[in-house]
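The structure appears right after this line, and notes come after that.
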Amino acid sequence: MTDYNFAYLDEQTKRMIRRAILKGLAIPGYQVPFASREMPMPYGWGTGGVQVSAAVLTPDDTFKVIDQGADDTTNAVSIRSFFERTAGVKTTTATSEASVIQTRHRIPEEPLTEDQILVYQVPIPEPLRFLEPRESETRKMHSLEEYGLMHVKLYEDISRHGHIATSYAYPVKVEGRYVMDPSPIPKFDNPKLGDMAAIQLFGAGREQRIYALPPYTQVVSLDFEDHPFEASKADHPCGLCNATDSYLDEVIMDDQGGRMFVCSDTDYCEARRAAGHKGKDAA
Amino acid sequence: MTPLLSVQGITKRYGAHIGCADVSFDLYPGEVMGIVGESGSGKSTLLNCMAGHLAPDAGQVVFDTRADGPKDTVTMSEPERRMLGRTDWAFVHQHARDGLRMGVSAGGNVGERLMAVGERHYGDIRGKATDWLERVEIDADRVDDRPTTFSGGMQQRVQIARNLVTGPRLVFMDEPTGGLDVSVQARLLDLLRGLVRDMGLSAIIVTHDLAVVRLLADRLMVMKSGRVVEAGLTDQVLDDPQHAYSQLLVSSVLQV
């Protein structure tokens, strides 16, 4: 503990990040530029999320890290141990016990409360990036609320696939104003973004942007009148806990076509199994 | 009658050089104005100043808006000007790839302006896009193909469809037939002439091709070194040029 300042970053840096967070909370969905620091991990591994987490953590917090819903994958384990070492905070895998949750590509199945903060790792914060390559132009489009182009992407989806094929990083409109990239969460999670009790913070380290959703913010997924938004998931129950309401991962079991569907949220699945639920593939 | 567009004293300098100087004219509804001149005579600068792509150093561009009547577009706020740019105005670029999104299907390209003004019904957007592609003589079954798979003439026609789909009142065209071979040029001109007449469009066409203005334009301005040297009815200017440069321009056309 004596080797590092609390939570790795120095106090001035945290102050700068907190300012960006406050501005982001004041203007929901607006991308606030911030002076992203070098972190002891490669870009793409969650440098933005880690900096936001470091800025909001206090010594009394309990910290949880999710990577694609799981608590036990490389990214989750390494970020969790990073804050164990540099902040000495308690860590947990239980969603309800955590006060700060850093996540990559999922929102926990269990509803969050007003006492929690959800920190997202964001690879590309600009929803218009692949439609309009000029950053100067996309900023102007955000400031003038010119979002017709976002629908061109959805139009292309329908004309090519017959339905809106975008299944993750599905664009949303925040409080009727800013169009926002919700980070690559599956569109199954999109309805949870809106009206959430917890504070949601989004950090993009390489792109040097922070944006935020304050509690109980209106978030609407973009769609067409005749092709409404649909939160889709694999049409199976979880093979381990038999849950029908959670987002599922498909796991290939062998090279004979064997596969099983399991909850991507490992904590949710474990809690259900501990409560006695059992799926068809459970040993 | 109120002019649709009233240009007064437009001046644009590039440092010590003159882009265009002190250009004034009125354009009435349904009228097509041609601007001719050699390369570097300032005709594209003038067009870009009028269309709001460049900020002129001096002068006014007063447009007769649907809501508020005549309004100076140079001093109006940027959101208003950009709104005009996707509703009442259209801009046809010389190179279709400047005006099209090459990674998006033809239908998406035509539909973009509709979505930009708030249409949110996929079936309607697609229906209108298909209809417009047919009006510019592109088969309905090419609606999902990207412009990269189209010929130069077809790309130019997609660009025209994309611009006219929201029913603009004023179209700016920068060398719309440049880079096309003569037979394709002729068909495009025929198409443009039909659309302009049917929709009662006003248009400003910048070109160095006198045949284009002879066919399309009611009135003509001849530019040289950033200034208008002669203006008048198209036939009058082409058949009886007064200024030395106009005479040179008219006599430079090869007779086959």
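Things worth noting here:
- In the set (1) open to solvent by less than 60 Å² (accessible area, probe 1.4 Å); (2) within 16 Å of the chain's Cα centre (by Cα), A:K14 fails one condition alone, (2).
- Residues that are surrounded by fewer than 20 Cβ atoms within 10 Å (Cβ to Cβ) and in contact with a strand residue (DSSP E or B) (Cβ under 7 Å, 6 or more places away or on another chain), drawn from the stretch A:62-90: A:T62, A:Q68, A:T73, A:E84, A:K90
- When A:A197, A:A212, A:A234 are checked against the criterion of being farther than 25 Å from A:I117 by Cα and either open to solvent by less than 50 Å² (accessible area, probe 1.4 Å) or not in a loop (DSSP other than H, G, I, E, B) (or both), A:A234 stands alone in meeting it.
- The stretch B:214-253, residues that are of a type in the set (D, E, K, R), open to solvent by less than 90 Å² (accessible area, probe 1.4 Å) and in contact (Cβ under 8 Å) with a residue 60 or more places away in the chain: B:D218, B:R219, B:K224
- Residue in the stretch B:96-105 that is over 25 Å from B:D26 (Cβ atoms), open to solvent by less than 10 Å² (accessible area, probe 1.4 Å) and within 12 Å of chain A (Cβ to nearest Cβ) present: yes
- Against the conditions (1) in a loop (DSSP other than H, G, I, E, B); (2) out of contact with any Lys or Arg (no Cβ under 6 Å at 6 or more places or on another chain); (3) surrounded by fewer than 18 Cβ atoms within 10 Å (Cβ to Cβ), A:Y43 satisfies every one except (2).
Yes or no, residue by residue, for (1) among the polar types (S, T, N, Q); (2) under 30 Å from A:G24 (Cα atoms):
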position: A:A212; (1), (2): no, yes
position: A:Q218; (1), (2): yes, yes
position: A:D226; (1), (2): no, no
position: A:F229; (1), (2): no, yes
position: A:G239; (1), (2): no, no
position: A:Y247; (1), (2): no, yes
position: A:E250; (1), (2): no, no
position: A:V262; (1), (2): no, no
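- A:E114 meets the stated requirement of being more than 17 Å from the chain's Cα centre (by Cα), outside any helix (DSSP H, G or I), surrounded by fewer than 20 Cβ atoms within 10 Å (Cβ to Cβ) and more than 14 Å from every other protein chain (Cβ to nearest Cβ).
- Hits in the stretch B:33-90 (condition: away from chain A (no Cβ under 14 Å), among the polar types (S, T, N, Q) and over 19 Å from B:N163 (Cβ atoms)): B:S39, B:S41, B:T45, B:Q60, B:T75
- For B:E134: the one exception among (1) part of a helix (DSSP H, G or I); (2) within 14 Å of another protein chain (Cβ to nearest Cβ): (2)
- Residue list for the stretch B:22-64, restricted to those being assigned to a strand (DSSP E or B) and open to solvent by less than 20 Å² (accessible area, probe 1.4 Å): B:V23, B:F25, B:L27, B:V32, B:M33, B:G34, B:I35, B:V36, B:G37, B:V61, B:F63
- Note on the stretch A:131-157: among residues that are among the basic types (K, R) and more than 10 Å from chain B (Cβ to nearest Cβ), the one that is surrounded by the most Cβ atoms within 10 Å (Cβ to Cβ) is A:R139.
The values are calculated or read from the model by the stated rules, or taken from the named source; none is laboratory data. Computed from a predicted model, the values in this text were never measured in an experiment. Every residue, glycine as well, gets a Cβ built from its backbone with ideal geometry; the counts of neighbours run over all protein chains shown. Please note that ligands, DNA and RNA were not included when accessible areas were found on the heavy atoms of the full protein model with its side chains. Shrake-Rupley method; radii C 1.70, N 1.55, O 1.52, S 1.80 Å.
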